[in-house]
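Beneath this line is the structure, given in structure tokens, with notes to follow.
Throughout, read-outs are computed from the coordinates displayed, never taken from laboratory work. The structure displayed is predicted, hence computed values, not measured ones. Heads up, the Cβs are rebuilt from the backbone with ideal geometry, glycines too, and the neighbour counts pull from every protein chain shown.
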Ligand SMILES: [Zn+2]
């Protein structure tokens, strides 16, 4: 029995064989869709009452607002938004990753906290011909200027922080087997030479339009790496200091994502 339910809002989870718990991820439309609240309320009713519900979404202002409304409407249930400003393959990887942690009996608050502090466990790298349409921190004036040069190809790495470089933004991965979630124009794949981890399975996303919107370009190639083995993550989580939330009594590390209350002294 999983420790919490994972809901992907506006995208599908990464269907990786090494992470079969992705089959437990439930899907809702994007929070900005007109029927999000209606379908969301119906889904919350269907999900196990004794489990927290994590709504994974893209973290834009309107998405945050609508998820907040659904949370307010779900009074009496532990519903929380997991807001992640990452491209579509990164969102798909995160929903799958969280479902695996739930399957391994990790408390929801610790899974959320770990993902927020160690987002680099699921690094995204991408190749784009222009950074002009990119809505992420770190895009500088020189990137905009270089975007006008037809032969330039940018490498973008989103691994906890955003790095943009002409060609390779300089990111290294742990030397361990990892699967890839990919999306975009395949001919762009070789434009940037990344030092990838040992590759495993490759899965593609079903909805290409989402990537074009995120990157502000029709032509891009993005890939998010998902470690095959979560033992390293489980080890790190088990070493974290945690206590109890003074409001709901749940396990919390730092602050409780369900109550926004600080943990009490560890018990
Ligand atoms: Zn709490």
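Across the chain, the fraction of Cα-Cα pairs farther apart than 27 Å, rounded to a whole number, is 39%. DSSP assigns beta bridges within the range 125-267; of those with both partners inside it, close to 85 percent run antiparallel. Pairing the Cα long axis of helix 36-46 with the longest principal axis of the chain, what angle in degrees results, from 0 to 90 and rounded to the nearest 10? In the chain, helix 36-46 runs at an angle near 50 degrees to the longest axis.
Between residue 189 and residue 218, the FRET efficiency estimated from the beta carbon spacing at R0 = 22 angstrom works out to 0.90. How much of the DSSP beta bridge set in the chain is antiparallel, as a percent to the nearest 5? Looking only at bridges with both residues in the chain, the antiparallel portion is about 60 percent.
For the range 132-146, the residues whose backbone nitrogen is under 11 Å from a point 7 Å from the Cα of residue 161, taken along Cα to Cβ, are 138.
Exposure proxy ranking for 80, 56, based on other Cβ atoms within 10 angstrom of each Cβ and starting from the fewest, stands as 80, 56. Rounded to the nearest 10 degrees, what's the angle between the helix 108-117 long axis and the longest principal axis of the chain, both from Cα atoms, 0 to 90? That works out to roughly 30 degrees.
Where a ≥ b ≥ c are the square roots of the eigenvalues of the C-alpha gyration tensor, would you call the range 164-204 rounded, which needs a/c under 1.5, or, failing that, prolate if a/b is larger than b/c, or oblate? Here the range 164-204 falls in the oblate category.
Only Cα pairs within less than 10 Å get springs; with that Gaussian network setup on the chain, which residue of 119, 81, 170 has the largest fluctuation? Result: 170 has the largest fluctuation of those listed. The slack between residue 37 and residue 240, meaning 0.36 nm per residue of separation minus the straight C-alpha distance, is 69.6 nm. Across the chain, the mean sequence separation of Cα contacts (distance under 8 Å, 6 or more residues apart), normalised by length, yields a relative contact order of 18 percent. Each peptide among 121-132, 238-249 gets the average number of other Cβ atoms lying within 10 Å of its residues, and from highest to lowest they stand as 121-132, 238-249. Applying 1/(1 + (r/R0)^6) with r as the Cβ-Cβ distance of residue 198 and residue 64 and R0 = 41 angstrom yields a FRET efficiency of 0.65. For the pair the range 85-105 / the range 14-73, the C-alpha centres are spaced 13 Å from each other. In the elastic network of the chain, a GNM with C-alpha springs shorter than 10 Å, the most mobile of 149, 53, 164 is 149. For the chain, the longest principal axis of the C-alpha atoms and the axis of helix 88-103 are separated by about 30°. Among beta bridges from DSSP that stay inside the range 5-117, the antiparallel ones total about 0%.
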